[in-house]
Each structure stands twice: as C-alpha cells, then as structure tokens.
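The values are calculated or read from the model by the stated rules, or taken from the named source; none is laboratory data. Quick caveat: nothing in here was measured; it's all calculated off a predicted structure. Heads up, the Cβs are rebuilt from the backbone with ideal geometry, glycines too, and the neighbour counts pull from every protein chain shown. SASA here: full protein model, heavy atoms, side chains in, ligands and nucleic acids out. Shrake-Rupley method; radii C 1.70, N 1.55, O 1.52, S 1.80 Å.
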Amino acid sequence: MRKKIVAGNWKMNLNLQEGIALAKELNEALTADKPNCDVVICTPFIHLASVVPAVDASIIGVGAENCADKVSGAYTGEVSAAMVASTGAKYVILGHSERRAYYGETEAILKEKVQLALANGLTPIFCIGEVLEERQQGVQNEVVYKQLAGSLYDLSAEDFSKIILAYEPVWAIGTGLTATPEQAQEIHAYIRSTIAEKYGNEVAENTSILYGGSCKASNAKELFANADVDGGLIGGASLKAADFKGIIDAWKE
Ligand code: PEP
C-alpha cells in the first residue's frame, strides 16, 4: 500500500524563531490528535537543525526545499545533500517550479540532485507540472513525461521506489486557482501509467503522487478522494498550524 502524505513547503517564509514556534505548535496539535497520514515539513536550510529536534520524528518528518547538484567544495552559498542529511532531515523537495523558473534548474541538473539526495539517504519529493500555456495547448502529459524521463527514468527501479512525486500545475501554485479533482485524477493516473510502463505495475502502485497548487482545508478532501491522489504538497496553507492540520485531517473519515 502506498503512503498517504501531506507535506508542507514553507518556501522563503518565517524567520528561525517563527519557524521553530510553528513546528512546535504543529507537533503539539498532532501529538494530541494523531494524523492518518505521513506528515512532512520542508523548511529553509537554516531552520533544519533547530526544527528537527523540535518535533517528534514518529509524527513529523523534516525536509529541505533544495540541495546542491555537487558533492562538496568551492560552491559558495550552496548546501549539499550530505549537509541536509547531517541535520537529521529526511526529505528534500527537488524540481519545484520556482527553482526551475527562477534559478534555471534543468532536467540534467535535477538528475544530479536526485542522485545525490538518494546517495545521502534523503527522500526526494520531486515536483513536476505544466505552465498555463501548456495546459491551454493540452500538452500537459507530454510536459510531465519529459520532466520525469529527463531526471528520473535513468534510476534503477529500487532507487525510483524511494521517490515521492508531486504533481503541481504551475498555474495553480500560489494563485488561488486549483486543478479540479477530475483534472488532478486524470493527470495523476497518466503519471502512474508512465511509471508502470517504465518500472512495472508494482512500482507504479507503490509510488505516492501528491497534488500541489492552492490546496487548502476546504478543497483537500475532494482532491484526496481520487484514486491516484495520495496527498498534497502545500505552500501557503502550511504556514499556519491550524490551516495545515485542516489539510492533514482531510485524510480522516
Ligand atoms: C507549492 O509551492 O509547492 C505550493 C503548492 O504552493 P501553494 O499551496 O501556495 O499553491
């Protein structure tokens, strides 16, 4: 059975003290009312070493929002996968559309990052998704296939099985626009079918595919109700404990 997951992406929000306070508040809320899914919070690099010990690892996993495409050395300002892992973080978001669009992250660069994340025991939360013009042209399947094949489909089946995917239509991120449950299900099913073609049915059935893009407590339940939607990657609504918990609770009856 594949995992149900709700993962938060804090992006470049919250200073260190605010981040620790949010992590503690969420930890308290989920200790009192245990989640029905895996919960992950992905924070800025500098928060990781403080947020990891602030939460119960059996309830909340912690991740980074990025890592370097190089092992170590003279890459001023970069943070390696090994450094992320040394904080106790277990996850790393890779391929977020903001990194692809604003920082020139190509499929080839992301391939390196994925391999380094896996080599250091981190679970990549790998983001794919089309921009509005591509959706309007009806080429969303081709776009996500290229992103998957370009960065992931050289992995062995064993390594691919360690990856969590997040389908995030770029037109829905931070815009208040959400894919309809039908749109989400359609493309999630397509993504799963390409995994099945490449790695076989068992790997495809065990891959968690999250939806991301203006997901909130009010729409999470209908999105998560779809057979191929295994949870959410949450931006804005992960910045307040009550909002994020509202989405986590969507997995409850
Ligand atoms: C994201 O950036 O991964 C995201 C899904 O953002 P939002 O929930 O704010 O649309």
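Taking the range 191-234 as the search range and keeping residues that are open to solvent by less than 20 Å² (accessible area, probe 1.4 Å) and in a loop (DSSP other than H, G, I, E, B), which one is nearest to residue 65 (Cα to Cα)?
It comes out as 213.
Which numbered condition in (1) farther than 25 Å from residue 122 by Cα; (2) away from the ligand (no atom under 11 Å from the Cβ) is the only one that residue 195 fails?
Here residue 195 meets the rest and fails (1).
Name, by its number, the condition in (1) open to solvent by 60 Å² or more (accessible area, probe 1.4 Å); (2) within 21 Å of residue 111 (Cα to Cα); (3) within 16 Å of the ligand (Cβ to nearest atom) that does not hold for residue 158.
(3)
When you go through (1) open to solvent by less than 50 Å² (accessible area, probe 1.4 Å); (2) closer than 26 Å to residue 61 by Cβ; (3) not in a loop (DSSP other than H, G, I, E, B) one by one for residue 111, which number turns out not to apply?
So the condition that residue 111 fails would be (1).
Could you list, in sequence order, all residues of the range 88-108 that are assigned to a loop (DSSP other than H, G, I, E, B), open to solvent by 20 Å² or more (accessible area, probe 1.4 Å) and either over 19 Å from residue 131 (Cα atoms) or within 12 Å of the ligand (Cβ to nearest atom) (or both)?
Selection gives 88, 90.
Tell me yes or no: at least one residue of the range 162-171 is within 16 Å of the ligand (Cβ to nearest atom), more than 28 Å from residue 29 (Cα to Cα), in a helix (DSSP H, G or I) and open to solvent by less than 50 Å² (accessible area, probe 1.4 Å).
Within the range 162-171, one or more residues are within 16 Å of the ligand (Cβ to nearest atom), more than 28 Å from residue 29 (Cα to Cα), in a helix (DSSP H, G or I) and open to solvent by less than 50 Å² (accessible area, probe 1.4 Å).
Out of (1) in contact (Cβ under 8 Å) with a residue 40 or more places away in the chain; (2) buried (at least 19 other Cβ atoms within 10 Å of the Cβ); (3) of a type outside the set (S, T, N, Q); (4) under 21 Å from residue 224 (Cβ atoms), the odd one out for residue 60 is which?
Of everything listed in (1) in contact (Cβ under 8 Å) with a residue 40 or more places away in the chain; (2) buried (at least 19 other Cβ atoms within 10 Å of the Cβ); (3) of a type outside the set (S, T, N, Q); (4) under 21 Å from residue 224 (Cβ atoms), residue 60 misses just condition (1).
Restricting the search to the range 124-137, which residues are open to solvent by 30 Å² or more (accessible area, probe 1.4 Å) and within 16 Å of the ligand (Cβ to nearest atom)?
131, 132, 135
Exactly one condition in (1) surrounded by fewer than 16 Cβ atoms within 10 Å (Cβ to Cβ); (2) within 16 Å of residue 69 (Cβ to Cβ); (3) among the polar types (S, T, N, Q) is not met by residue 151; state its number.
Just one mismatch for residue 151, condition (1).
Which numbered condition in (1) part of a loop (DSSP other than H, G, I, E, B); (2) under 24 Å from residue 170 (Cα atoms) is the only one that residue 73 fails?
Answer for residue 73: the failing condition is (2).
Could you check how many residues of the range 2-49 are β-branched (Val, Ile, Thr), closer than 24 Å to residue 126 by Cα and surrounded by 15 or more Cβ atoms within 10 Å (Cβ to Cβ)?
Of the residues in the range 2-49, 6 are β-branched (Val, Ile, Thr), closer than 24 Å to residue 126 by Cα and surrounded by 15 or more Cβ atoms within 10 Å (Cβ to Cβ).
Would you be able to tell me the number of residues in the range 1-28 that are in contact with a helix residue (DSSP H, G or I) (Cβ under 7 Å, 6 or more places away or on another chain), outside any strand (DSSP E or B) and not acidic (Asp, Glu)?
Residues that pass the stated criteria total 12.
What pairs come up if the first residue lies in the range 224-253 and is within 27 Å of residue 17 (Cβ to Cβ), the second is of a type in the set (S, T, N, Q) and within 12 Å of the ligand (Cβ to nearest atom), and their beta carbons are under 7 Å apart, counting only those six or more places apart or on different chains?
Close Cβ pairs satisfying both conditions: 233/9; 234/9; 235/9; 238/9; 239/13; 244/238.
Checking the condition under 17 Å from the mean Cα position of the chain (by Cα), within 10 Å of the ligand (Cβ to nearest atom), among the hydroxyl-bearing types (Ser, Thr, Tyr) and modelled with pLDDT of 95 or more, which residue from 208, 238 passes?
Step by step, each of 208, 238 is checked, and only 238 is under 17 Å from the mean Cα position of the chain (by Cα), within 10 Å of the ligand (Cβ to nearest atom), among the hydroxyl-bearing types (Ser, Thr, Tyr) and modelled with pLDDT of 95 or more.
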